[in-house]
């Protein structure tokens, strides 16, 4: 039975399931955004947001389990997170379920990180992983479903306070991760603007 289970996990469809889960976040984004905009359909958006959050928490471990870790999978995972979370932050700010300033900070951070990523690619380097970036995504995946709790399920001052706190924590994490990226890329930035090879202390 163990051999059969191992064979099922290693089967071709299972080897790509984590990428399918990542792609599903992009596909779910427009539906969740539209449904969130109306009180009558907000419960459906709430359910979708929970399911999307679950896909983010399982696709990475699943990829490692089936030996499907790849550069494409990592890029798809990262892109799907940014598309869903930035879109929903903007929508939640627009409908008054989360602070608009948080959406502005998080979206601006993603644009600046994209610029750094392009800079790194121009120097044949990959942008290093930022610990605070992972924390930011984790906080936002908690925030989005919480902010979408329908009025009928008791969205009240307690929920609103929790959403505000998560928005603040995610915004601080976004700023910290941007600073972390800049520090890690400092030698390349210096080489680009000063026009000399970066020095490395031993």
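Structure data summary
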item: Filtered residues of the stretch 119-150 (kept if modelled with pLDDT of 90 or more, under 22 Å from residue 181 (Cα atoms) and surrounded by fewer than 18 Cβ atoms within 10 Å (Cβ to Cβ)); result: 135, 138
item: Whichever residue in the stretch 64-73 is over 17 Å from residue 27 (Cα atoms) and under 17 Å from the mean Cα position of the chain (by Cα) and, among such residues, is surrounded by the fewest Cβ atoms within 10 Å (Cβ to Cβ); result: 71
item: Some residue of the stretch 123-137 being assigned to a loop (DSSP other than H, G, I, E, B), within 21 Å of residue 38 (Cα to Cα) and either touching a helix residue (DSSP H, G or I) at 6+ places or on another chain (Cβ under 7 Å) or in contact (Cβ under 8 Å) with a residue 40 or more places away in the chain (or both); result: no
item: Subset of the stretch 33-46 (residues that are free of Cβ contacts under 8 Å to residues at least 24 places away in the same chain and loosely packed, with under 14 Cβ neighbours inside 10 Å); result: 34, 38, 40
item: Residue in the stretch 151-166 that is modelled with pLDDT of 75 or more, under 26 Å from residue 47 (Cβ atoms), touching a helix residue (DSSP H, G or I) at 6+ places or on another chain (Cβ under 7 Å) and surrounded by 19 or more Cβ atoms within 10 Å (Cβ to Cβ) present; result: yes
item: Any chance residue 99 is in contact with a helix residue (DSSP H, G or I) (Cβ under 9 Å, 6 or more places away or on another chain), surrounded by 15 or more Cβ atoms within 10 Å (Cβ to Cβ), under 19 Å from residue 160 (Cα atoms) and at pLDDT below 85; result: no
item: Set 78, 88: member being out of contact with any helix residue (DSSP H, G or I) (no Cβ under 7 Å at 6 or more places or on another chain), assigned to a helix (DSSP H, G or I) and surrounded by 14 or more Cβ atoms within 10 Å (Cβ to Cβ); result: 78
item: Residue, modelled with the lowest pLDDT, within the stretch 37-63, restricted to residues that are touching a helix residue (DSSP H, G or I) at 6+ places or on another chain (Cβ under 7 Å) and closer than 14 Å to residue 27 by Cα; result: 56
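The values are calculated or read from the model by the stated rules, or taken from the named source; none is laboratory data. Not measured: the values here are computed from a predicted model. Note: ideal-geometry Cβ built from the backbone for every residue, glycine included; neighbour counts use all protein chains shown.
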